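Step one of this worksheet: look at the structure below.
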């Protein structure tokens, strides 16, 4: 009986260690902006996000099923020191829009920090090549449990000016949700 418990505990420890190694070296979260440093078009934060986008996306729950579909309007305005990124989300089945306003401050030629009302502390971001990576802690609204999730956001700039967004959200190191969205620039004539 003692050997069985010991082997079971060892098996669980090995599985956890393998998951940790996978997550930190080969998974989506393990990407580095340096992986995209030579990719073009170059993701200049001010010009890439300093416009208005229409976005559509889905949020997958922990099981990989689509939990929420949404559309959004995202408008950015920037100066030499930073800027504001206004996001207005419209979730299927919910009558009211949800807003988030990012206050962005440049901390270097390729790095920035950002704050928002539902973000715990400061988000940290970096751009390289055609990619932007941002990490932060997001507090969900009370209707969604009020949990605080660890988020890794990746935005990839495409040749036509559109942006592909993928986000991984975790609680206690376990995947709670994943977001996938596309941002289409609105016409300059609007």
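No value in this document is a laboratory result; all are computed from the given coordinates. Quick caveat: nothing in here was measured; it's all calculated off a predicted structure. When we count neighbours, we look across all protein chains shown, and the Cβ atoms used for this are built from the backbone with ideal geometry, even at glycine.
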- In nm, the gap between the two label points placed 7 Å beyond Cα toward Cβ at residue 32 and residue 79 is 3.5 nm
- Query: Who wins for biggest fluctuation among 63, 71, 162 in a Gaussian network model of the chain, springs between alpha carbons below 10 Å?
  - Reply: 63
- May I ask you to derive the FRET efficiency for residue 158 and residue 92 from their Cβ-Cβ distance with R0 = 22 Å, giving the value to the nearest 0.05? 0.30
- Query: Given the rule -39500 (n - 2.57) for each run of at least 4 DSSP H residues, summed and divided by the residues of the chain, what is its mean residue ellipticity at 222 nm, to the nearest 500 deg cm²/dmol?
  - Reply: -5000 deg cm²/dmol
- Please compute P(r) over all alpha-carbon pairs of the stretch 129-190, binned at 5 Å starting from zero, and give each bin as a whole-number percent. 4, 16, 21, 19, 15, 11, 8, 4, 1, 0
- Task: On a 0 to 90° scale, report how tilted helix 2-25 is relative to the longest principal axis of the chain, with both axes built from alpha carbons and the result rounded to the nearest 10.
- Result: 20 degrees
- Note on the structure: Percent relative contact order for the chain, counting Cα pairs under 8 Å at least six residues apart, stands at 19 percent
- Gain upon complete extension [residue 135, residue 100; 0.36 nm per residue less C-alpha separation]: 11.0 nm
- Between (i) 9, 32, 35, 15, 6, 3, 1, 0; (ii) 10, 41, 39, 10, 1; (iii) 10, 37, 35, 15, 2, 0, which matches P(r) over Cα pairs in 10 Å bins from 0, in percent calculated for the structure shown? (i)
- Query: If you rank 51, 143, 40 by fewest surrounding Cβ atoms within 10 Å, what's the result?
  - Reply: 143, 40, 51
- Rank 55, 34, 123 by mean-square fluctuation in a GNM of the chain with C-alpha springs under 10 angstrom and give only the top-ranked residue. 34
